[in-house]
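Shown next, in structure tokens, is the structure this report addresses.
Here, each number is a calculation from the coordinates, and none is a lab measurement. Bear in mind that the values here come from a model prediction, so they are computed numbers and not experimental data. Here the Cβ is made from the backbone with ideal geometry for all residues, glycine too, and neighbour counts use every protein chain on show.
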Amino acid sequence: MPKKLRREAGFTLVELLCIISILGLFCSIAVPDITALISKATYTQLRFDITSQLKEAQLLAMSKEKEVLVRFTNDDITTMEHKKITKQIQLPEDIQIDSNYKNNEVVFQETGQVRGGTIILKQYNKEKMKVVIQVASGTTKIQFDA
């Protein structure tokens with residue numbers, strides 16, 4: 001009877017350690033891929049947020065026939081009409097903004113026209129995204145490097 005019990009006792013400690021080691025190896029391979037996927041999803045969403053915010057600001061300027069300003073800072077992107085905030089998007093903490101716009105402010109005229117320019121979003125001093133705004137039309141083109 002003791003032999004029969006010994007066979008049904010289960011896995012040995014060595015077998016369990018081997019399985020745990022193999023699972024740990026698989027997890028260590030998968031984790032970097034998951035973090036890269038999450039990072040890319042964050043920047044994809046940010047790309048859509050920036051595009052929609054700029055388009056909304058342009059439409060607001062045309063519909064109300066007033067200047068609308070979109071200010072880019074390292075913390076957020078803010079749309080303002082007569083110094084009143086109409087929309088604000090928070091940026092990830094590791095983002096830095098660089099732009100050829102004065103004070104990082106894009107100003108849509110009453111007609112929806114805008115001065116063309118480029119806004120660069122960087123992560124750890126590496127360019128992640130470039131927002132190019134076309135002269136006059138305000139059409140937004142985003143080059144996504146993430």
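Which FRET efficiency value, to the nearest 0.05, is calculated for THR35 and LYS102 with the Förster distance at 41 angstrom and r the Cβ-Cβ distance? For THR35 and LYS102, the calculated efficiency is 0.65.
Neighbour counts of other C-beta atoms within 10 Å: give me ARG71, ARG115 arranged from fewest to most.
Numbers: ARG71 18, ARG115 15.
So the residues, fewest neighbours to most, are ARG115, ARG71.
Principal-axis analysis of the Cα atoms of the chain puts helix 13-64 at an angle of about 10° to the longest axis. Scanning residues 5 or more positions from TYR101 or on other chains, those with amide H under 5 Å from its amide H are THR118, with H placed 1.01 Å from N in the peptide plane. Computed about the Cα centre, the dipole magnitude for the chain is approximately 460 debye when only Lys and Arg (+1) and Asp and Glu (-1) carry charge, each at its Cβ.
Derived from the Cα gyration tensor, the three semi-axes of the equivalent ellipsoid of the stretch 23-68 are 43, 5, 4 Å, largest first. For a paramagnetic label modelled on THR111 (point 7 Å from Cα along Cα→Cβ), amide N atoms under 13 Å away belong, within the stretch 42-70, to 62.
Across all Cα pairs in the stretch 9-144, the calculated P(r) in 10 Å bins from zero up to the longest distance comes to 11, 35, 22, 10, 8, 7, 5, 2, 0 percent per bin.
Which order results if TYR124, TYR43 are arranged by neighbouring Cβ count within 10 Å, fewest first?
Taking fewest neighbouring Cβ atoms as first place, the list is TYR124, TYR43.
Ordering GLU65, GLU105 by the number of other Cβ atoms within 10 Å of each residue's own Cβ, fewest first, gives GLU65, GLU105. Using a simple spin-label model with pseudo-atoms 7 Å out from Cα toward Cβ, LEU23 and ASN74 lie 4.3 nm apart.
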